[in-house]
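What follows is a set of notes on a single structure, which appears directly below.
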Amino acid sequence: MIRTREPTSSAITHATAPPETSRVGERSAVRYSVLAFLFVITAINYGDRATLGIAGTNISQDLGLTPISMGYIFSAFGWAYVLNQIPGGWLLDRYGSIRVYGFSLFAWSVCTLAIAGVSYIPYTLIFPTLFLLWATLGLVEAPTFPANSRIVSSWFPTSERGLATSIFNSAQYVAVAFFAPLMGWVTQTFGWQYIFSLMGALGMILAILWLIKMYPPAQHPGVNAAELTYMRAGGALVDIDDRATRAKQTLTGQQIRFMLTNRTLLGVYGGQYCITALLYFFLTWFPLYLHQSRGFSLTATGFAASVPALCGLVGAIFGGALSDKLLRAGHSENVARKTPYILGMATASTICLCNFIQSGWLIVAVMSIAFFGKGIAAIGWAVISDIAPKETPGLAAGIFNGVGNIAGIVTPIVIGYIVAWTKSYDGALLFVAAHCIVAIVLYLFVVGKIRRLSLPS
């Protein structure tokens with residue numbers, strides 16, 4: 001962990017954290033090194049998710065797995081990931097972000113490493129073992145994004161939270177751009193087992209570093225009183241991982257119903273579902289659309305599919321920066337958070353224009369604009385950080401991420417039926433664009449005023 005100051009930087013000492021009152025002087029900026037750590041871990045997270053897809057052809061050939069078997073294995077992650085979102089969020093609130101995040105990272109790295117040894121077990125056990133390991137990977141990765149949201153809430157004031165959430169969220173694009181070619185080369189040169197060994201070992205090292213180096217803001221040895229005061233005054237929840245605070249986190253039935261029925265929360269959950277539907281179109285059907293419907297070669301499809309992802313990365317950074325700039329200019333959280341989301345989803349809805357375009361590369365350009373809009377709208381993680389009750393930021397983020405990722409199960413299936421029934425992708429693009437319109441309606445008429453919610457007593 002690197003300690004930085006504004007504008008200079010120096011190394012953090014490893015001594016036990018001194019009292020807040022003694023850490024005085026020029027304002028430190030440790031929160032940015034924490035964000036960098038989150039970015040690296042999130043990139044590893046998405047890299048681990050990509051391993052099976054990159055090595056899938058080699059694994060199926062070496063282990064004798066049919067496409068149907070591989071389909072079931074691929075689906076195992078999604079179901080387990082969604083089912084553990086709410087329990088994972090509760091664990092974060094009950095036991096703290098640092099401990100749960102560290103053990104989660106270590107556990108999913110062990111699962112990744114274990115997959116490297118699947119080829120050494122009896123043939124009859126290969127499918128159930130690989131299915132179980134991939135499902136367990138999804139199960140233990142579930143707290144990751146809720147933990148990111150919770151940690152950013154505790155380290156960043158409201159005026160910096162939009163960009164901070166956009167940065168950790170953008171790690172997914174960077175992971176695809178960096179790890180995909182690296183793992184492809186490792187697989188081709190050494191064998192598929194080595195990418196699971198490499199990613200597993202890397203994750204275990206990061207988990208140990210995280211558990212050793214990370215502290216809550218008020219106990220971190222590198223944070224001085226000036227930075228702590230700045231974070232508190234700006235709305236950072238610096239005390240949410242305090243043991244005394246966590247010990248009080250026992251929710252009543254009424255409070256749980258509030259988390260599941262509050263109008264503002266429901267609107268934000270629904271908005272995340274809509275934007276995730278757009279994401280999963282790009283992750284699943286977009287390459288097939290280019291190849292089957294628009295006649296792109298496989299090589300051209302690979303290149304064309306990477307362009308919207310890069311535009312999404314640029315859009316995510318732009319949306320977070322725009323939101324924070326609006327806040328600093330004196331606009332309310334309502335305006336600062338909703339403006340990028342609505343603007344982004346309106347831009348993303350232009351995806352349906354591809355139904356009226358014949359040029360393949362013009363279609364890629366329109367898709368890139370749409371994915372840029374999707375990136376701008378990826379401000380939802382800042383919104384859930386802003387509105388979650390201070391007692392349950394992990395649970396709120398878990399529900400938010402769980403509802404969103406249901407779209408990862410539903411969208412590929414629905415588009416598959418649309419394409420099969422209509423023999424065309426036109427209906428699929430209209431289906432995706434409709435999610436953008438629904439998302440705008442939710443943020444305009446359902447979400448209401450963006451503010452920190454309070455649990456009923």
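The values are calculated or read from the model by the stated rules, or taken from the named source; none is laboratory data. No experiment lies behind these values; they were computed from the predicted model shown. Positions of Cβ are backbone-derived with ideal geometry, glycine not excepted, and every protein chain shown enters the neighbour counts. Heavy atoms of the whole protein, side chains included, go into the accessibility calculation; ligands, DNA and RNA do not. Shrake-Rupley method; radii C 1.70, N 1.55, O 1.52, S 1.80 Å.
Relative to the longest principal axis of the Cα atoms of the chain, the long axis of helix 30-63 lies at roughly 20 degrees. With each label modelled as a point 7 angstrom along the Cα→C-beta vector, the ARG27-VAL438 pair spans 4.2 nm. Sequentially through segment 270-276, phi angles give Karplus couplings (6.51, -1.76, 1.60; θ = phi - 60°) of x, x, 5, 4, 5, 6, 6 Hz, Gly and Pro residues having no value and appearing as x. Heavy atoms of the protein chains alone define the surface here; on that basis the chain has 41 Å² accessible area per residue at 1.4 Å probe size.
For SER293, the solvent-accessible surface computed with a 1.4 Å probe is close to 50 Å², ligands and nucleic acids excluded. Modelled spin-label separation between ILE68 and PHE178, with each label point placed 7 Å from Cα along the Cα-to-Cβ direction: 4.1 nm. Placing a label point 7 Å from the Cα of TYR120 along the Cα-to-Cβ line, the residues of segment 49-64 whose backbone N sits under 17 Å from it are 63.
Taking 7 Å steps out from each Cα toward its Cβ at ILE212 and THR189 produces label points 2.8 nm apart. Helical runs assigned H by DSSP (4 residues or longer) give the chain a calculated mean residue ellipticity at 222 nm of -24000 deg cm²/dmol, each run adding -39500 (n - 2.57) before division by the residue total. Counting only alpha carbon atoms, the long axis of helix 67-83 and the longest principal axis of the chain meet at about 20°.
Across the accessible surface of segment 287-383, with the other protein chains kept in place and a 1.4 Å probe, carbon and sulfur atoms take up 71 percent.
Between PHE356 and VAL446, the contour length at 0.36 nm per residue exceeds the alpha carbon distance by 29.2 nm.
Relative to the dominant Cα principal axis of the chain, helix 171-190 is inclined by about 50°. Taking GLU391, GLU227 and ordering them by how much accessible surface each has at a 1.4 Å probe, largest first, produces GLU391, GLU227.
How much FRET efficiency would the formula 1/(1 + (r/R0)^6) give for VAL410 and LEU430, where r is the Cβ-Cβ distance and R0 is 22 Å, rounded to 0.05?
On the way: r = 16 Å, r/R0 = 0.73.
After rounding to 0.05, the efficiency reads 0.85.
Calculated on C-alpha atoms, the gyration radius of segment 378-419 divided by its Kirkwood radius gives an Rg/Rh of 1.19. Amide H contacts of ALA29 (H built 1.01 Å from N, in plane; Pro and chain starts excluded): THR4, ARG5, GLU6 sit under 5 Å, all sequence-distant by 5 or more or on other chains. Accessible area per residue was computed with a 1.4 Å probe on protein heavy atoms; HIS331 scores about 90 Å². Calculated from the structure at hand, semi-axes √(5λ) of the Cα gyration tensor in Å is found among (1) 35, 28, 21; (2) 49, 25, 19; (3) 40, 22, 22 as (1).
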